[in-house]
1. Specify which of the listed residues (A:272, A:288, A:228) is buried (at least 17 other Cβ atoms within 10 Å of the Cβ) and within 30 Å of residue A:345 (Cα to Cα).
2. Here are the criteria: (1) under 29 Å from residue B:105 (Cα atoms); (2) surrounded by 22 or more Cβ atoms within 10 Å (Cβ to Cβ). Tell me which single one residue B:266 does not satisfy.
3. Please identify the pairs in which a residue from region B:205-219 that is within 8 Å of chain A (Cβ to nearest Cβ) has its Cβ atom under 7 Å from the Cβ atom of a residue that is part of a loop (DSSP other than H, G, I, E, B) and of a type in the set (Ser, Thr, Tyr), counting only partners at least 6 apart or on another chain.
4. Show the residue pairs that are 6+ apart or on different chains and have beta-carbon atoms under 6 Å apart, the first residue being within region A:85-98 and within 11 Å of residue A:142 (Cβ to Cβ), the second being polar (S, T, N, Q).
5. Can you find, within region A:411-422, the residue that is farthest from the other protein chains (Cβ to nearest Cβ) among those that are closer than 12 Å to residue A:395 by Cβ and in a helix (DSSP H, G or I)?
6. Quick one: residue B:226 ticks every box in (1) free of Cβ contacts under 8 Å to residues at least 60 places away in the same chain; (2) buried (at least 24 other Cβ atoms within 10 Å of the Cβ); (3) within 30 Å of residue B:156 (Cβ to Cβ) except a single one, so which number is it?
7. Which of the residues spanning region A:386-412 are among the acidic types (Asp, Glu) and closer than 22 Å to residue A:307 by Cα?
Amino acid sequence: MTTDDGGAGLATAAVSRRNFVRAAAVGSVLAGSGVAAGMFDALPAGAGGSLVATGPDLHLLRRATFGPTEELVKDIRRLGRNRWLDRQLHPSSVNDGFCQDYVADRYPDLDMTLKRAFETLEGSWDLMYALGQATIVREAWSNRQLFEVMVDFWSNHLNITNPHEACWWSRHDYDRTVIRKHALGKFKDMLRASATHPAMMAYLNNAESTKDNPNENYGREILELHSVGVDGGYDEEDMRQSTLVLTGFGFSWDTGEFEYRDWAHYTGPVDVMGWHAANKNEDKGKDVGLAYVNYLAHHPSTAERIARKLCYRFVSDDPPQSLVDALAETYLDHDTAIVPVLEKLFRSKAFDSSVGEKVRRPFEDVAATLRILNIRPDPEGVDGQQGLYWMTEGLGHLPMGWVPPDGYPDTGDPWRSAGLTLSRWNMHVGLAAGWWPANHLKVPNIQKNVLPATLPKTHGALVDAVAKRLVFRTLPAAHRDAVLAFLGVAAATPLDEDDAAVGWRLPYLVALILDTPSHGIR
Amino acid sequence: MPQERITTLDVTPLAQPCGCPAQPEISRRSFLKAAGATGIVAGLASEGMFTRLAFGATPYVGDVLVVLSLRGGMDSLQAVVPAAAAQYNHYVTHRPNIAVPQNQLLPLDANFGMHPAMAPLRPFYDAGSLGIVNAVGMAQPNRSHFSAMEEMERAAPGTSVRTGWLDRVLGLRETGSPFQATQLGSNSAASAFLGPAPELAMWNIDGFDLSGAWDAEQEALWDAALRGVHDGAPPVIAAPALTALDALTTASQLREAGYTPANGAAYPDSNLGNALRDVAQLIKADVGLHVAAVDYGDWDMHAGQGDVAGGWMVDHLGEFSSALAAFATDLGNAMGDVTLITLTEFGRRVEENGSGGTDHGFGQAVFLMGDGVNGGQIHGTWPGLAPQNLVDGDLDATTDYRNLLASVLERRCGASAGDVAGIFPGIDNVRPDVVQQRAS
């Protein structure tokens with residue numbers, strides 16, 4: 001057993017024997033093969049456990065948010081982990097006035113109705129770009145961090161690429177009425193909302209699927225990606241039936257809104273993975289389709305799949321099956337409600353013992369860097385967010401920007417890339433030094449931002465202080481030595497206020513500390 | 001020893017002094033790199049390490065392998081069209097709206113014609129450096145993009161092997177240049193590279209640059225510092241970091257040297273054109289490239305693929321053809337040491353759908369380019385488009401793509417039959433005659 005139901009609150013994060021043994025095993029793999037010939041596919045990221053700041057508060061903050069801040073650490077210590085988590089799981093209890101006002105001010109059209117967008121936008125992509133920027137703002141600066149993490153999770157699970165030419169009038173509404181509305185609600189409602197949204201109907205071609213000429217794109221992906229998964233127990237005939245069940249689901253070319261077209265709906269008995277409907281009348285086809293979607297949401301394979309994906313998000317790239325099973329059971333017991341599943345996950349021993357087992361993907365690095373450097377959104381207009389948007393696109397991880405319909409990979413291996421690593425180093429330097437796009441953002445004075453009130457007496461103490469400020473711990477000895485060598489000093493070298501390390505080289509010192517795995521691991 | 005070649009550019013030294021215990025018998029660069037990364041020299045029991053050392057003793061002699069992945073499922077029935085009477089009739093019956101008219105096809109042989117948008121490739125076919133294999137696929141149809149791509153690039157059906165096939169190819173050779181295995185046009189490497197052998201993924205050579213390292217002194221400081229702070233980091237973080245550092249100096253030399261394509265080659269101004277131009281530059285600069293991977297996506301034409309007069313398919317085939325033609329033109333005689341192969345996760349349904357597009361299918365056509373290709377001909381057994389010949393409405397696959405790759409690896413890339421059996425577990429002995437045996 002690796003999970004408990006945690007009725008007594010979050011399990012302690014004391015290093016268990018099991019965890020220690022595992023870490024030791026990892027060490028021997030590292031030693032045996034090194035990087036060039038590493039047993040990479042057998043290696044859990046657990047090796048990172050010794051590189052990040054210890055303690056359950058910071059572990060929870062690294063996983064449940066887009067990056068800890070000094071303020072968040074104070075909050076969680078003041079409230080306790082249980083209350084902090086409860087509030088995050090009930091986001092209306094968290095004041096988010098700044099972010100809401102900022103988004104409403106800079107991106108006022110995001111609440112435009114479908115109909116009005118369809119009538120007025122004339123194919124413009126402006127609203128999709130606005131959504132992309134607003135998403136970056138919310139992920140980096142909302143106080144409702146866990147909610148935004150879940151929005152990101154579901155945006156990938158039910159991915160509709162933003163921007164996409166077929167969704168210019170509908171993508172923002174999909175975000176609002178499908179993803180954000182149900183992000184901490186019930187999956188059955190979210191899946192139903194997606195199946196009745198013009199963005200999904202256009203993106204996966206269901207709007208063109210008719211009884212005479214079925215288009216299998218959506219009929220396949222609702223099984224493979226949105227619900228039971230490719231190994232969920234269906235075959236090609238099930239997939240064809242799935243497509244037929246959903247014929248008629250489309251949108252209106254008059255209003256841009258969802259529309260069920262009975263003339264396009266296939267009638268006759270339909271069977272998908274044991275689900276059956278007589279499906280006799282075309283005017284009742286919408287109800288048949290929605291019953292099918294509801295069946296999929298409650299399917300045990302869907303429960304298992306969502307549970308596993310949540311584990312990839314929050315626990316480990318190789319989560320214990322017992323935790324996946326426990327979460328799937330919770331999902332089904334609660335009629336697909338997500339909050340009980342997350343409560344169970346964050347209160348499991350498997351979560352507690354997963355310290356260091358996840359790495360930050362590129363956008364998570366951008367957001368965590370912005371947050372830890374106390375950089376705030378563009379105080380004048382939107383240029384700063386626009387710059388972040390293009391920068392993040394260059395990092396291959398633009399929020400909602402994944403082109404295939406399966407969403408960004410959520411494990412570390414697929415992101416293993418020299419080019420991405422180099423781009424991330426450049427991003428750290430750019431944000432720390434206030435270069436583009438930081439020159440359009442609100443960047444605090446770096447000395448005041450990262451140095452302690454009293455200047456440390458030695459360079460060694462300086463590196464320790466800046467590391468504590470940025471990664472909440474001093475660096476491992478070898479890394480500290482490398483940073484000191486970079487500064488060309490010894491640990492005991494006295495520090496004066498005129499020294500380069502606290503002058504022109506300070507942004508580079510900050511960037512180098514953000515380049516360490518103590519920041520790269522979440 | 002690492003491959004010794006006459007190089008026009010120095011490859012960045014891979015190893016930093018690491019203060020490790022001396023291990024003279026294994027003091028190869030690949031090992032130093034590994035040791036430098038972890039700071040630990042112990043327990044060489046890893047199979048991967050032994051494999052690498054054992055096979056690494058022989059320098060690589062073989063073609064640069066360029067793998068061009070046509071992601072999304074290319075509708076190759078529009079590219080290479082059955083032109084003879086009976087088969088063409090089946091084709092046009094299934095595809096009344098999108099079929100290429102018979103009289104507009106560029107004849108390839110008695111039975112097939114090429115889409116007219118592919119005209120730039122015609123001279124290479126005629127000259128024998130472009131070959132086509134019809135009806136290629138995996139052993140089992142897989143009509144899911146994601147699982148088909150994964151399965152195709154894992155290339156080990158029925159096993160629990162988790163690495164990609166290109167990683168296993170690279171595992172046979174000693175780690176040499178950081179450019180040994182390079183993905184161009186993307187910051188993310190294809191899943192065929194998944195596994196312990198390091199690979200480099202970059203958008204382009206021009207952009208591969210470290211901010212803040214404005215001169216050689218700063219470069220050296222950053223290099224040492226970044227190596228130092230990755231000491232003991234999990235490989236998922238450390239491996240790409242070290243590969244990036246190894247490649248930085250070479251990339252900056254390439255940038256300074258600049259690049260003008262030869263023989264009047266005109267690459268399309270597109271991601272594909274830029275990526276292939278960078279591959280050509282790396283080949284000519286002789287930086288130790290063994291395997292290059294490039295993606296060309298957006299082939300998932302469920303709707304509105306257009307007809308012969310224009311549209312999505314015409315644009316895509318046109319860009320594909322002009323980019324490949326420019327690549328071969330630019331490299332000229334160097335194509336004697338290059339084999340390019342295209343793969344797509346599946347072909348498309350024979351029958352068009354109601355949206356002027358096609359749904360996911362099975363058998364695909366594969367294109368091979370290079371002077372070692374048995375070109376100017378169509379390989380593969382054509383299964384036919386008559387209803388009884390289709391598999392769930394799809395063109396059948398009569399050639400397993402792994403056998404094609406095996407032919408290329410054995411005849412062009414220095415792999416033995418035993419190597420190939422390790423790369424493709426369970427593979428049979430069929431070796432389609434698509435390439436010639438390399439001279440040396």
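1. Among A:272, A:288, A:228, only A:228 is buried (at least 17 other Cβ atoms within 10 Å of the Cβ) and within 30 Å of residue A:345 (Cα to Cα).
2. Condition not satisfied by residue B:266: (2).
3. none
4. Note: pairs meeting the criteria are A:94/A:143; A:96/A:142; A:96/A:143.
5. Among them, the one singled out is A:415.
6. Every condition holds for residue B:226 apart from (3).
7. Those that are among the acidic types (Asp, Glu) and closer than 22 Å to residue A:307 by Cα: A:406, A:410.
Listed here are the residues, each with its yes/no results for (1) among the aliphatic types (A, V, I, L, M); (2) facing chain B (nearest Cβ under 10 Å).
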{"position": "A:390", "(1), (2)": "no, no"}
{"position": "A:398", "(1), (2)": "yes, no"}
{"position": "A:424", "(1), (2)": "no, yes"}
{"position": "A:439", "(1), (2)": "no, no"}
{"position": "A:449", "(1), (2)": "no, no"}
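The values are calculated or read from the model by the stated rules, or taken from the named source; none is laboratory data. Predicted model, so just to flag it, every value in this text is computed and none were measured. In this analysis, Cβ positions are derived from the backbone assuming ideal geometry, glycine residues included, and neighbour counts consider all displayed protein chains.
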